[in-house]
Amino acid sequence: MRNGDVSYWWQALGGFPARRPSLPGPDQADVCIVGGGYTGLWTAYYLKGLRPELRVIVLEAAFAGFGASGRNGGWVTSELPGSADRYARGPRGPEGVRALEAALRDTVDEVGSVIEAEAIPADFTRGGRLAVATTPSQLARLRAGLKHRRDAGDGRDVYEFLGRDDLSDRIRVSGALGGLYAPHSARIQPAALAAGLAAAAERRGVEIYEATPVTEILPPGSHPHPGVGAVARTVFGDVRARSVLRCTEGFTAALPGHRRDLLPMNSSMIVTEPLPQAAWDQIGWENAETLSDEAHAYVYAQRTADGRIAIGGRGVPYRFGSATDQRGVIDGGTVEALRTALDRLFPAAAGTPVAHAWCGVLGVPRDWCASVTYHPASGIGWAGGYTGHGVAAANLAGRTLADLVTGRDSELTALPWAGHRWRSWEPEPARWAGVRGLYALYRLADQLESGDGDGGPGNGTRVTTGEALARVGDLISGIPH
């Protein structure tokens, strides 16, 4: 088994891409984008589509797609990147939340359209998303969530409940009691999307400089360059621009002044060797749905285009001081836990070796709600905080940032995450204790719920215990339920 060195997705493409040159020296642009992941690349792509005359520069510390964009689970999902209740407290209320959810559903199609138009070999397959319950407590949460969605006006075209038999027609998960199907989701090969998107942006005239870490972003008046807007400072010189956009997601804490903006949450993955056809005959999964369970410490998975199962979960969720692991190596205990989850869900895959294991970081804001923000006066903007649902959200954020920078008053700029502000995370050691405590309680809740049995007496107590533990964890960490 290979461990680390970014992800299996890059290995499947033949290894790391050829490195683009670093910034040759001090420069000036109309728009300078810090971060060459999905958010930065989509923003650059759409900016050049709206205003081809703009000079747009992307500065990337490693290579385009190095971070979560090339390491994620490959879900293009319309799932909300944050708390609906929190978004609903904004000026547009519940109507704004519904508008954001509808925009995210449309975004799944938008990503697929660009992949097709730009001939990106990203294995885009729109099979929908399945959330599967394997205990009575999970099933109760799933049904409660569906009722909440129905009360909000969502019909079967958005969410559909699947009983045990209907679920098994799609995928046979061991012990599954039911599932929730959402059609607005697709599977991709995430590194292929990142590489193809970078190339598509360059064809539009975007300049991408790799191995060029930005050490600081300076607003107007705080740097020795009169007559220009903001500055992105690098070891190769300053890039002056009318607009500087921070698109660094899980790596935001490394920038001065932003250590407590977004918490870098670790997520880990393993991928098997290709399964034999006999195993797929038992499992099904012919429509390539993306898959998760309803546990508190949930797992997420996909059937890859080359016949493997890729499955992920949080593992060690947070490192003290917002530290990030550059090499993507995960500990043996996390590999074993993911392997156990895989074998529990799919016994037919139990004899298939693990081919690769890796991890990466995603950005989590204090209130669990993403933001897309731009200040015309300073020329500084940012987007991020997708809480693990960033593949589609980054596309929508990129289009929104492009509208904001070019001064377009659009439906996107009116969405409730535009200009959303969050509180800073607590300083250490409270930050570390809160997050670690939260996930310890989540796992304890899952252990209690695993003894639910078949729904006999006593299950109500265990449901209450599990949900109470999760809420206590939320209070400790500041993450809303």
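Brief remarks on what is shown
- Number of the condition not met by Ala18 [criteria: (1) open to solvent by less than 30 Å² (accessible area, probe 1.4 Å); (2) under 19 Å from Ile120 (Cβ atoms)]: (1)
- Unmet criterion (only one of (1) open to solvent by less than 40 Å² (accessible area, probe 1.4 Å); (2) in a loop (DSSP other than H, G, I, E, B); (3) more than 30 Å from Pro427 (Cβ to Cβ)) for His296: (3)
- Residues located in the stretch 221-261, provided they are of a type in the set (S, T, N, Q), in a strand (DSSP E or B) and open to solvent by 20 Å² or more (accessible area, probe 1.4 Å): none
- The single condition among (1) open to solvent by less than 50 Å² (accessible area, probe 1.4 Å); (2) under 19 Å from Leu255 (Cβ atoms) that Ala61 does not satisfy is (1).
- Residue ID - nearest to Asp403 (Cα to Cα), chosen from residues in the stretch 420-439 that are under 22 Å from the mean Cα position of the chain (by Cα), surrounded by fewer than 16 Cβ atoms within 10 Å (Cβ to Cβ) and without any contact (Cβ under 8 Å) to a residue 60 or more places away in the chain: Arg421
- Residue selection: Glu79 satisfies the criterion of being part of a loop (DSSP other than H, G, I, E, B), within 20 Å of Val361 (Cβ to Cβ) and open to solvent by 40 Å² or more (accessible area, probe 1.4 Å).
- Taken over the stretch 1-53, the residue count meeting the criterion of being touching a residue at least 40 places away in the same chain (Cβ under 8 Å) and in a loop (DSSP other than H, G, I, E, B) is 21.
- Residues that are closer than 18 Å to Gly328 by Cβ, of a type outside the set (Ser, Thr, Tyr) and touching a Pro at 6+ places or on another chain (Cβ under 7 Å) occur in the stretch 260-272; there is at least one.
- In this entry, Glu207 is excluded by the filter for residues that are without any contact (Cβ under 8 Å) to a residue 12 or more places away in the chain, surrounded by 16 or more Cβ atoms within 10 Å (Cβ to Cβ) and of a type outside the set (Phe, Trp, Tyr).
- Of all residues in the stretch 218-236, those that are over 24 Å from Glu53 (Cβ atoms) and modelled with pLDDT of 90 or more total 6.
- Qualifying residue in the stretch 118-126 (condition: on the phi < 0 side of the Ramachandran plot and part of a helix (DSSP H, G or I)): no
- Test result for Arg187, surrounded by fewer than 21 Cβ atoms within 10 Å (Cβ to Cβ), farther than 30 Å from Glu53 by Cβ, touching a Gly at 6+ places or on another chain (Cβ under 6 Å) and in contact (Cβ under 8 Å) with a residue 24 or more places away in the chain: no
- When residues in the stretch 237-282 are screened for being farther than 30 Å from Ala377 by Cβ and not hydrophobic (A, V, I, L, M, F, W, C), 10 of them pass.
- Number of residues in the stretch 356-379 that are outside any loop (DSSP other than H, G, I, E, B) and within 23 Å of the chain's Cα centre (by Cα): the value is 14.
- Just one residue in the set Ala349, Ala301, Ala288, Ala357 is modelled with pLDDT of 95 or more, open to solvent by less than 20 Å² (accessible area, probe 1.4 Å) and over 30 Å from Gly178 (Cβ atoms); that residue is Ala357.
- Some residue of the stretch 364-384 being touching a helix residue (DSSP H, G or I) at 6+ places or on another chain (Cβ under 6 Å), open to solvent by 40 Å² or more (accessible area, probe 1.4 Å), farther than 29 Å from Gly229 by Cα and of a type in the set (A, V, I, L, M, F, W, C): no
- Inside the stretch 82-115, residues that are outside any helix (DSSP H, G or I) and touching a Phe, Trp or Tyr at 6+ places or on another chain (Cβ under 6 Å) make up a count of 2.
The values are calculated or read from the model by the stated rules, or taken from the named source; none is laboratory data. Keep in mind it's a predicted model, so treat the numbers as computed, not measured. All Cβ positions, even for glycine, are placed from backbone atoms using ideal geometry, and neighbour counts span all protein chains on display. What goes into the accessible areas is simple: the full protein's heavy atoms, side chains included, and nothing from ligands, DNA or RNA. Shrake-Rupley method; radii C 1.70, N 1.55, O 1.52, S 1.80 Å.
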